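Worksheet: one structure, shown below.
The values are calculated or read from the model by the stated rules, or taken from the named source; none is laboratory data. Please read all numbers here as calculations on a predicted model, not as lab measurements. Note that we place each Cβ from the backbone using ideal geometry, even for glycine, and neighbour counts take in every protein chain shown. When the accessible area is computed, the model is the full protein with side chains, heavy atoms only, and any ligands, DNA or RNA have been set aside. Shrake-Rupley method; radii C 1.70, N 1.55, O 1.52, S 1.80 Å.
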Amino acid sequence: MSKKDQKEETRMIHGVHNPRDHHGVVNPPITRTSTLIYPSLKDFEDPTFKYDYGRHMTPTMDVFIKAVTELENGYDGIVGPCGLAVITTSLLGFLKTGDHLLMVDSTYYPVRRFCEQMLKSMGIEVTYYDPRIGANIEELIQDNTRVIYMETPGSATFDVQDVPAITKAAKDHNIVTMVDSTWSSGVLFKPLDHGADISLISCTKYINGYADGMLGVGIAKDENKFRRLKKASKNIGLSAGSEELNLGIRGLKTIHIRMKEAGERALEMAQWLEEHDDVQRVFHPALMSHPDHELWKRDFSGCNGLMSILLPPSTKDAFRTFIESSELFGLGDSWGAFESLMQPQYIDKTRTAVPWKEDGYLVRLQIGFEDIEDLKQDLERAFKAFREANT
Ligand SMILES: *Cc1c(COP(=O)(O)O)cnc(C)c1O
């Protein structure tokens, strides 16, 4: 069977490392190093020599980048100590003073903060746009627009973007497109197959999968975009630790089954919550009620364990009671690991292109791998406490 005929699950297990290269050891060895000895002066003097310094490349880094590049059908990529570092480095690699950036309104909040507090002070113009804009993005394109940045589904509300329509408009104007694809993590949607130039993933989430490491990756579709990315990464000094890279390599071996299980559980939970009297709305693209459900079905192969719920209008105190009454959903940032989490979403303070006007608190839920009936019972207890506190 040729490698091309193998499914990506198989390639993640057999295609990224050959055990015969290391006496049959099934996992690639973790290479911890700063220094790599050059074979010759000629190699030392060659700026394209690959293995020159631990910050730029190590065998462990190489295995990880190759694996994600393979998943994303890209050309090559860069890694960083976390997702945000790779995202900001990528933006800096393609923007300079006087340029204009189109940024999706539902972007992960720290990316927005970077635009507000860093890019704007460097004289880079930023326009936030409606995630549902589709081909109408054309109307926001200016002569100095250099990057269109997407995140799909977007943070907190999980708005699905029409990536093919937006990348088509971008190509007509020679604009670079970047997609934060952390939600899909190389599995559920492949931005580069839908016209995007760069796919950005926080590997801290599903790729790691165990909440014990932080890591980020950016994969470019072609050599030119990769060179720009790598240049920015080298100049800024982006790198990643061998242990974290190894956890990423490990995570990729089981990500397909974890994602499938997480998606099934989340859908069951989302349907249950949708029927619940103490929930106004559930935001999960696999639900028929989600406004982007059809677009999600067209482009995505599945879903993960994330969703948001809008509670009925309530006092802050009742909301606090809800959050603190759950014993199984920890109040915590991040997602994509084994444990259930909840996180308040105060998006009325951040969204500008599509102001958030809903009454009631919005909470993001990450459905973990606990028994699902236990999780429902736990939420039932929290809803009861919420009702009692909200009278
Ligand atoms: C968590 C997250 C990031 C940032 O990743 P870190 O590894 O925490 O820096 C970026 N985008 C999205 C959508 C995320 O959820």
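Per-structure values
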{"item": "Scope the stretch 105-140; condition in contact with a helix residue (DSSP H, G or I) (Cβ under 9 Å, 6 or more places away or on another chain) and aliphatic (A, V, I, L, M); matching residues", "result": "VAL111, MET118, LEU119, MET122, ILE124, VAL126, ILE133, ALA135, ILE137"}
{"item": "One residue from HIS276, HIS290 being open to solvent by less than 20 Å² (accessible area, probe 1.4 Å) and farther than 30 Å from LEU92 by Cβ", "result": "HIS290"}
{"item": "Any hit, the stretch 226-235, residues being farther than 15 Å from ASP76 by Cβ and either part of a strand (DSSP E or B) or at pLDDT 95 or above (or both)", "result": "yes"}
{"item": "Enumerated strands (runs of 3 or more DSSP E) restricted to the stretch 110-223, each holding at least 3 residues that are away from the ligand (no atom under 12 Å from the Cβ)", "result": "125-129, 145-151"}
{"item": "Which numbered condition SER121 fails, given (1) touching a strand residue (DSSP E or B) at 6+ places or on another chain (Cβ under 9 Å); (2) open to solvent by 10 Å² or more (accessible area, probe 1.4 Å)", "result": "(1)"}
{"item": "Selection status of VAL86, more than 25 Å from GLU139 (Cβ to Cβ) and outside any helix (DSSP H, G or I)", "result": "no"}
{"item": "Within the stretch 224-242, considering residues that are within 15 Å of the ligand (Cβ to nearest atom) and open to solvent by 30 Å² or more (accessible area, probe 1.4 Å), the one nearest to ILE65 (Cα to Cα)", "result": "GLY241"}
{"item": "The stretch 89-110, residues that are among the hydroxyl-bearing types (Ser, Thr, Tyr) and open to solvent by 20 Å² or more (accessible area, probe 1.4 Å)", "result": "THR97, TYR108, TYR109"}
{"item": "Selection from the stretch 233-273 of residues that are among the charged types (D, E, K, R) and under 27 Å from LEU92 (Cβ atoms)", "result": "LYS234, GLU243, GLU244"}
